[in-house]
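Accompanying notes for the structure given below.
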Amino acid sequence: MENIIVEKMTIKHYNLIKDILENEFDDFWNPKILKEELENINSRYIIAKKNDEIVGFAGIKYNYENVEIMNIVTKRNQRRKGIARILLKKLIECSKEFNINKISLEVNENNLPAINLYKKMGFEVVGLRKMYYNGKSNAILMDYYL
């Protein structure tokens, strides 16, 4: 992937993207929740920049037993360019600092590109949450063992 820089997400970065989150970074909670996550001492967020433009971001939360990937979001016009893979690799690297055995995530069963990426990166399907997303779609639970 050409010219992608990954760095820690700050409130400054949040302020740059908060107004475009819902239009350009869909499948995401909302700006208020992202800000709360950034302020949480157990959360770590990173951004991917290309030519000084934020093209993706991702985050994890540490809960003393494991790390959970909260999200990996890529700007709509930058998808299928390897940005999510770069962010996922960095999240795995960041997770190692917590001295835990596994990283967990949940993904919408309809998000086949994400499921395929997670499987390629070594995540295993470990369960299912029925009707988790808006009471319609199941969540696939996946773990990565360190």
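Using only Cα atoms, locate the centre of the range 19-79 and the centre of the range 89-141, then give the distance between them in Å, rounded to an integer.
15 Å
Write down the radius of gyration of the chain and its Dmax, each obtained from C-alpha positions, in Å.
14.6, 41
Using DSSP to call loops (not H, G, I, E or B), can you name the chymotrypsin sites (Phe, Trp or Tyr not before Pro) in the range 1-106 whose Cβ has at most 16 other Cβ atoms within 10 angstrom? Please report the intermediate quantities before stating the final value.
Numbers: sites: Tyr14, Phe25, Phe28, Trp29, Tyr45, Phe57, Tyr62, Tyr64, Phe98; in loops: Phe25, Phe28, Trp29, Tyr64.
The qualifying sites are Phe28, Trp29, Tyr64.
Dividing the alpha-carbon Rg of the range 1-80 by 2.2 N^0.38 Å yields what? Walk me through the numbers on the way to the answer.
Working: Rg = 12.3 Å, N = 80, 2.2 N^0.38 = 11.6 Å.
Working it through for the range 1-80, the quotient is 1.06.
Can you work out the accessible area per residue across the range 83-146, with the rest of the protein chains kept in place, probe 1.4 Å, in square angstrom? Please report the intermediate quantities before stating the final value.
On the way: 3740 Å² over 64 residues.
Each residue of the range 83-146 exposes 58 Å² on average to a 1.4 Å probe.
With a 1.4 Å probe and every protein chain kept in, tell me what percent of the accessible surface of the range 104-146 is carbon plus sulfur. Present the calculation step by step, with values, prior to reporting the outcome.
Values: 1270 of 2630 Å².
Whole-percent figure for carbon plus sulfur exposure: 49.
Determine the dipole magnitude for the chain: charges of +1 sit on the beta-carbon of Lys and Arg, -1 on that of Asp and Glu, nothing else is charged, the reference point is the Cα centre, and the result goes in debye to the nearest 20.
Values: 24 positive and 20 negative charges, 67 e Å.
Approximately 320 debye in magnitude.
For the chain, the longest stretch holding no trypsin sites (Lys or Arg not before Pro) located in a DSSP loop with at most 12 other Cβ atoms within 10 Å is which? Write down the numbers at each step before the final one.
Numbers: sites that count: Arg80, Lys136.
With a cap of 12 other Cβ atoms within 10 Å, the longest stretch comes to 1-79.
Give the calculated FRET efficiency between Glu7 and Lys61 to the nearest 0.05, with a Förster radius of 22 Å applied to their Cβ-Cβ distance.
Values: r = 19 Å, r/R0 = 0.86.
Efficiency at R0 = 22 Å is approximately 0.70.
Which pairs break 30 Å Cα to Cα here: Lys61/Lys130; Lys89/Lys130; Lys32/Lys120; Lys8/Lys81? If you can, show how the numbers build up before the last one.
Values: Lys61/Lys130 23 Å; Lys89/Lys130 28 Å; Lys32/Lys120 32 Å; Lys8/Lys81 21 Å.
Beyond 30 Å: Lys32/Lys120.
Pop a pseudo-label 7 angstrom from the Cα along the beta-carbon direction at both Leu128 and Glu36 and give the gap in nm to one decimal.
According to this spin-label approximation, the distance is 3.0 nm.
Which whole-Hz ³J(HN,Hα) couplings does the range 133-145 yield from phi under the Karplus relation 6.51 cos²θ - 1.76 cosθ + 1.60, θ = phi - 60°, glycine and proline marked x?
Values, residue by residue: 8, 6, x, 10, 10, 7, 9, 8, 9, 9, 10, 10, 9 Hz.
Could you tell me the calculated FRET efficiency between Lys102 and Asp19, based on Cβ-Cβ distance and R0 = 35 angstrom, to the nearest 0.05? Walk me through the intermediate numbers first.
Numbers: r = 36 Å, r/R0 = 1.02.
Efficiency computed from Cβ-Cβ geometry: 0.45.
The values are calculated or read from the model by the stated rules, or taken from the named source; none is laboratory data. Note that this is a predicted model, so its numbers are computed, not measured. Quick reminder, even Gly has a Cβ in these numbers, built from the backbone with ideal geometry, and neighbours come from all protein chains shown. To get the accessible areas, we keep the full protein, side chains included, count just its heavy atoms, and leave off ligands, DNA and RNA. Shrake-Rupley method; radii C 1.70, N 1.55, O 1.52, S 1.80 Å.
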